[in-house]
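Undergrad: Next up is a structure, given as structure tokens.
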Amino acid sequence: MPLALLALAISAFGIGTTEFVMMGLLPNVADDLGTSVPTAGYLVSAYALGVVLGAPLLTAIGSRVPRKRMLLLLMALFTLGNLASALAPGFGWLVAGRFLAGLPHGAFFGVGAVVAARLVGEGRQARAVATMFLGLTVANIVGVPAATLLGQHLGWRATFLVVGVIGLGSMATLARLVPHIPVDAHQGLGHELRALGNRQVLLGLLTAVLGFAGVFAVYSYLSAMTTEAMGFGESSVTLVLALFGIGMTLGALAAGPLTDRALRPTLYGSLAALAVVLAVFPFAVQVKWAALVMVVLLGGVGFMTTTPLQMLVMNKAKDAPTLASASNHSAFNLANAGGAWLGGAAIAAGWGWTSPALVGAVLTVAGLAVAVTAGVLDRGGPGESRVVAGAGTRGARDGSHADVV
């Protein structure tokens, strides 16, 4: 695998750390800024809103910008948002900083996925994309727990300062390792928008919203489930979250080669497995060892859906995959918000702490139904094994050093 994938994975590690660390720092931020924990929860929403809006907007604005330069600009914006969060004089400014940090998230992964796919030969593109996403999964094992401990001992501002430093380091590795990949002469905003309107792309995005919402219906309340349903103490929450991250990593490792071999069967199989895990989850968590196994399985089969979904929308967008790829991350964050809201509604209705898993199972089955419908409609269509590589692809694959931005 090219070293440029390492630069993309390091950037994904920083993005994953800042995305999820706020959930562990909410009490510290609330105490320091004199607000309540529920109000501090707007900081999570602000980041997600930045992702949803920033993914299509920034991708559209940068549709004519060379890929490497675009990655550097997006990582610079990410770094600025985290430094602004660290220096925020009040709660309102912190909300703005979190929103700013979230803006480049989806666009970076959208552009990064296209770059990763073009760095390797046909038959290895899904593995290249999955390698980039490994940085995101490792962040949940190492980055988030370490950043949470740092924030608890040195203050939450120190966490965002460190993430800002990671952002600067990511920019350095991107500049050094990612080769120059020019934008195709025929590509532009209009071309990208037409590709986004493809029926298969839209069905892929809908699959992501429904299918992945099942994961977040549970993950959003996993800390509370650990103490209220599984019977563990508060000190075990970090371990349970780390186990979820380990599952995510294993899922990402498996998804790459499976997607390269058979895209739609991998998508169908991962969604079906996710639905089964979610349906069994409320019953299995009554036994402690089984609860830990289910957490790993949930992270594994849940994250196995991301690579085939990413490759599907990129392939169906054909030679204008960037906006569709970025919009996929808007879909994932809509799944985040929708799954968390529906899971919370189930708990508020008095259905129990594990009821979000059953809600998630229903959502995932709906996502699987959309995916199967899309597959039936697509029978006889063009192959799905590759992303059309535009101008400059050969140079990107062959180059082992960074060109001028």
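Undergrad: Considering only residues that are aliphatic (A, V, I, L, M), buried (at least 22 other Cβ atoms within 10 Å of the Cβ) and modelled with pLDDT under 90, which ones fall in region 214-241?
TA: Passing the criteria: A217, V218, M225, L241.
Undergrad: Quick one: which residue in V376, V365, V372, V359 is under 20 Å from V280 (Cβ atoms), open to solvent by 40 Å² or more (accessible area, probe 1.4 Å) and either of a type in the set (S, T, N, Q) or at pLDDT 90 or above (or both)?
TA: V365
Undergrad: Same structure again: Is it the case that some residue within region 60-73 is free of Cβ contacts under 8 Å to residues at least 40 places away in the same chain and either more than 21 Å from the chain's Cα centre (by Cα) or surrounded by fewer than 22 Cβ atoms within 10 Å (Cβ to Cβ) (or both)?
TA: Yes: region 60-73 contains one or more residues that are free of Cβ contacts under 8 Å to residues at least 40 places away in the same chain and either more than 21 Å from the chain's Cα centre (by Cα) or surrounded by fewer than 22 Cβ atoms within 10 Å (Cβ to Cβ) (or both).
Undergrad: Checking the conditions here, which among A291, A331, A346, A337 is of a type in the set (G, A, S) and surrounded by 24 or more Cβ atoms within 10 Å (Cβ to Cβ)?
TA: A331
Undergrad: Any idea which of V95, V120, V129, V115 is part of a helix (DSSP H, G or I) and either surrounded by fewer than 24 Cβ atoms within 10 Å (Cβ to Cβ) or aromatic (F, W, Y) (or both)?
TA: Residue meeting the stated conditions: V95.
Undergrad: Identify all residues within region 148-184 that are under 17 Å from F78 (Cα atoms) and open to solvent by 10 Å² or more (accessible area, probe 1.4 Å); write none if there are none.
TA: R157, A158, L161, V162, V165, I166, L168, G169, M171, A172, T173, A175, listed by residue number.
Undergrad: Spot the failing condition for G352; the list is (1) open to solvent by 20 Å² or more (accessible area, probe 1.4 Å); (2) assigned to a helix (DSSP H, G or I); (3) out of contact with any Phe, Trp or Tyr (no Cβ under 7 Å at 6 or more places or on another chain), and only one is missed.
TA: Result: G352 passes all but (2).
Undergrad: For region 218-299, please list each of the helices (runs of 4 or more DSSP H) lying entirely inside it that holds at least 2 residues being small (G, A, S) and without any contact (Cβ under 8 Å) to a residue 40 or more places away in the chain.
TA: Helices (runs of 4 or more DSSP H) meeting the threshold: 263-284.
Undergrad: Further, regarding this structure: So, V313, is that one β-branched (V, I, T), open to solvent by less than 10 Å² (accessible area, probe 1.4 Å) and assigned to a helix (DSSP H, G or I) or not?
TA: The answer is yes for V313.
Undergrad: Does any residue of region 266-282 turn out to be farther than 26 Å from S355 by Cα and either under 18 Å from the mean Cα position of the chain (by Cα) or open to solvent by less than 20 Å² (accessible area, probe 1.4 Å) (or both)?
TA: Yes; the residues of region 266-282 include at least one that is farther than 26 Å from S355 by Cα and either under 18 Å from the mean Cα position of the chain (by Cα) or open to solvent by less than 20 Å² (accessible area, probe 1.4 Å) (or both).
Per-residue answers, yes or no, for (1) at pLDDT below 90; (2) basic (K, R); (3) not in a helix (DSSP H, G or I):
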| site | (1), (2), (3) |
| --- | --- |
| A12 | no, no, no |
| M23 | yes, no, no |
| P27 | yes, no, no |
| T39 | yes, no, no |
| A48 | yes, no, no |
| S63 | yes, no, yes |
| M70 | no, no, no |
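The values are calculated or read from the model by the stated rules, or taken from the named source; none is laboratory data. Being a predicted model, the structure only gives us computed values, none of them experimental. For neighbour counting, all protein chains shown are included, and Cβ atoms are generated from backbone atoms with ideal geometry for every residue, glycine included. Accessible surface is based on the protein model in full, side chains and every heavy atom, while ligands, DNA and RNA are left aside. Shrake-Rupley method; radii C 1.70, N 1.55, O 1.52, S 1.80 Å.
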